[in-house]
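One structure is given below, encoded as structure tokens.
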Amino acid sequence: MPNVLRNRVAAAALVLVSVAVAGCTGENPGTPSPGTGSAPSSASSVAPEDPNVPKVAIPLDASAYAGDACKLLPAAAAAELGFTEPGEPSSESSNPSCGWFIKGKADTLQIILGSGNREKGMGGLAGMHKAKEAGQLRFLEAGPDVDGYPTVYYGIQDRRARGNCDLAVGVADDLTINTLAGGYDNEQDSCGTAQKLASAVIKTLKGA
């Protein structure tokens, strides 16, 4: 894939997560109140009592992958999705990410570990909703649970009909892992791939 297209895909993915971080800064700081049940790593990132923000029943620990988000998708799982080349890590954001590309095709995958959002108190699906309320995300819609974990589709705009699907899965109340599939023919293919990617990541975190 030409470098210019590769960079555009990576930048777009990172921008979407960056606005989620910015959603509760500046004039609208936002201070989620502690919820009931087991608390994640920091009280500031616990999901508020909002019916639109589902709790994560069994949190997953992704700390081992903060240094290399590419390890969240094993080579065999990537090959099942049609990507045989190794993932390419990016350090352009506080949220570690990794992208997969197919030479000569537009299909791309991206995984973004939202550990930077967590550190800024904007982690989890709660942070995504706060970014939407602040106007930083214009599109946010509940997605299907993936292996028992809640998800949302999100973005500056809804790109699904154009074959680009941005999915965030809540693996803890204060942490999302975002799986993006781009360059596909339609919403069914792109979002189906994003969901399969999320499932593969969850299996990795469970040690399956």
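The values are calculated or read from the model by the stated rules, or taken from the named source; none is laboratory data. Quantities reported herein were computed from a predicted structural model and do not represent experimental measurements. Because the Cβ atoms are built from the backbone with ideal geometry, glycine has one as well, and the counts that use them run over all protein chains shown. Ligands, DNA and RNA are excluded from the accessible area calculation, which covers all protein heavy atoms including side chains. Shrake-Rupley method; radii C 1.70, N 1.55, O 1.52, S 1.80 Å.
For the stretch 152-165, enumerate the residues that are open to solvent by less than 10 Å² (accessible area, probe 1.4 Å) and within 13 Å of the chain's Cα centre (by Cα).
Matches in the stretch 152-165: V152, Y154, G155, C165.
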Original post:
Given the conditions (1) in contact with a helix residue (DSSP H, G or I) (Cβ under 6 Å, 6 or more places away or on another chain); (2) open to solvent by 60 Å² or more (accessible area, probe 1.4 Å), and given that S93 satisfies all but one, which numbered condition is not satisfied?
Top reply: (2)
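Could you check how many residues of the stretch 135-149 are within 16 Å of N117 (Cβ to Cβ) and either in a strand (DSSP E or B) or open to solvent by less than 70 Å² (accessible area, probe 1.4 Å) (or both)?
Residues in the stretch 135-149 being within 16 Å of N117 (Cβ to Cβ) and either in a strand (DSSP E or B) or open to solvent by less than 70 Å² (accessible area, probe 1.4 Å) (or both): 2 in total.
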Original post:
Are any residues in the stretch 197-207 in contact with a helix residue (DSSP H, G or I) (Cβ under 9 Å, 6 or more places away or on another chain) and either of a type in the set (A, V, I, L, M) or closer than 13 Å to G143 by Cα (or both), and if so, which ones?
Top reply: L197, A200, V201, L205
Subject >> From K55, K132, K71, K103, residue being exposed (fewer than 13 other Cβ atoms within 10 Å of the Cβ) and outside any strand (DSSP E or B) >> reply: K103
**OP:** Starting from residues that are of a type in the set (A, V, I, L, M) and touching a residue at least 40 places away in the same chain (Cβ under 8 Å), keep the ones in the stretch 118-145 and report whichever is farthest from G192 (Cα to Cα).
**Re:** A134
Subject >> Members of the stretch 112-128 that are crowded, with 24+ Cβ neighbours inside 10 Å and at negative phi >> reply: I112, L113, G114, N117, R118, M122, G123, L125, A126, G127, M128
Original post:
Within the stretch 163-170, is even one residue under 20 Å from A69 (Cα atoms) and either of a type in the set (K, R) or at pLDDT below 95 (or both)?
Top reply: no
Original post:
Restricting attention to the stretch 167-180, does a residue exist that is surrounded by fewer than 20 Cβ atoms within 10 Å (Cβ to Cβ) and not β-branched (V, I, T)?
Top reply: no
Original post:
Quick check, is G143 in contact with a Phe, Trp or Tyr (Cβ under 6 Å, 6 or more places away or on another chain), at pLDDT 95 or above, of a type outside the set (D, E) and farther than 15 Å from L60 by Cα?
Top reply: yes
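Here is a yes/no grid of residues against (1) at pLDDT 95 or above; (2) in contact with a helix residue (DSSP H, G or I) (Cβ under 8 Å, 6 or more places away or on another chain); (3) under 24 Å from D147 (Cβ atoms):
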| position | (1), (2), (3) |
| --- | --- |
| S41 | no, yes, yes |
| D50 | no, yes, yes |
| A66 | no, yes, yes |
| A75 | yes, no, yes |
| A79 | yes, no, yes |
| W100 | yes, yes, yes |
| T108 | yes, yes, yes |
| G114 | yes, yes, yes |
| G135 | no, no, no |
Subject >> Residues of the stretch 170-194 that turn out to be over 24 Å from V56 (Cα atoms), assigned to a loop (DSSP other than H, G, I, E, B) and touching a helix residue (DSSP H, G or I) at 6+ places or on another chain (Cβ under 9 Å), as a count >> reply: 3
